[in-house]
1. Local charge sum around Val55 (other residues, Cβ-Cβ under 12 Å, Lys/Arg +1, Asp/Glu -1)?
2. Give the value in nm², to one decimal: projected area of the alpha carbon convex hull of the chain, averaged over all directions.
3. Just want to confirm a number: the relative contact order over region 1-77, from Cα pairs under 8 angstrom separated by 6+ residues, in percent.
4. Do any trypsin sites (Lys or Arg not before Pro) in the chain lie in a DSSP loop with no more than 10 other beta carbon atoms within 10 Å, and if so, which?
5. Shape call for region 26-66 from the C-alpha gyration tensor, a ≥ b ≥ c root eigenvalues: rounded (a/c under 1.5), prolate (a/b greater than b/c) or oblate?
6. Counting Lys and Arg as +1 and Asp and Glu as -1, what is the net charge of the other residues whose Cβ lies under 12 Å from the Cβ of Asp25?
7. Taking the 0 to 90 degree range and rounding to the nearest ten, how far is the long axis of helix 40-53 tilted relative to the main principal axis of the chain, both from C-alpha atoms?
8. If each residue of separation counts as 0.36 nm, what is the full-extension length gain between Thr27 and Thr61 once their alpha-carbon separation is subtracted?
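Nothing in this text is a laboratory measurement; each read-out follows from the coordinates by a stated rule. Predicted, not measured: the structure shown is a model, and the values here were computed from it. When we count neighbours, we look across all protein chains shown, and the Cβ atoms used for this are built from the backbone with ideal geometry, even at glycine.
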Amino acid sequence: MRGEMLLDVKVKPNARKNELIEQADGTWVASVTASPVDGKANEAVIRLLADHFRVPKRAVTIELGASSRRKRIRIDGIKS
């Protein structure tokens, strides 16, 4: 069965490496090497989440916070 997942993600652009860490409170921290210019950091976060959850990039959508460091992201097609 496949479903969707909503994640609260704090993005850290211009990091030394791409990394995704789940916090104790259920939120996530996404560190990406891309800069927050022309949507490059958002693209990197989408790619990072798609790789981590093994879904296509089109299944990852930024619902809230496209221009903020704090984002609400929906991932469709999660196996449950």
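1. On the way: positive: Arg2, Arg47, Arg54, Lys57, Arg58, Arg74, Lys79; negative: Glu4, Asp51, Asp76.
Summing Lys and Arg as +1 and Asp and Glu as -1 gives +4.
2. Details: hull surface 19.7 nm².
Orientation-averaged projected area of the Cα hull: 4.9 nm².
3. Values: 147 pairs, mean separation 26.8, N = 77.
Taking the mean separation of contacting Cα pairs over the length of region 1-77, I get 35 percent.
4. Values: sites: Arg2, Lys10, Arg16, Lys17, Lys40, Arg47, Arg54, Lys57, Arg58, Arg69, Arg70, Lys71, Arg72, Arg74, Lys79; in loops: Arg16, Lys17, Arg54, Arg69.
Sites meeting the loop and neighbour criteria: Arg16, Lys17, Arg54.
5. On the way: a/c = 1.42, a/b = 1.34, b/c = 1.06.
Because its axes are fairly even, with a/c under 1.5, region 26-66 counts as rounded.
6. On the way: positive: Lys10; negative: Asp8, Glu22.
Charge balance near Asp25 sits at -1.
7. Approximately 30 degrees, to the nearest ten.
8. Values: separation 34, 0.36 × 34 = 12.24 nm, distance 1.64 nm.
Separation in residues times 0.36 nm, less the Cα-Cα distance, equals 10.6 nm.
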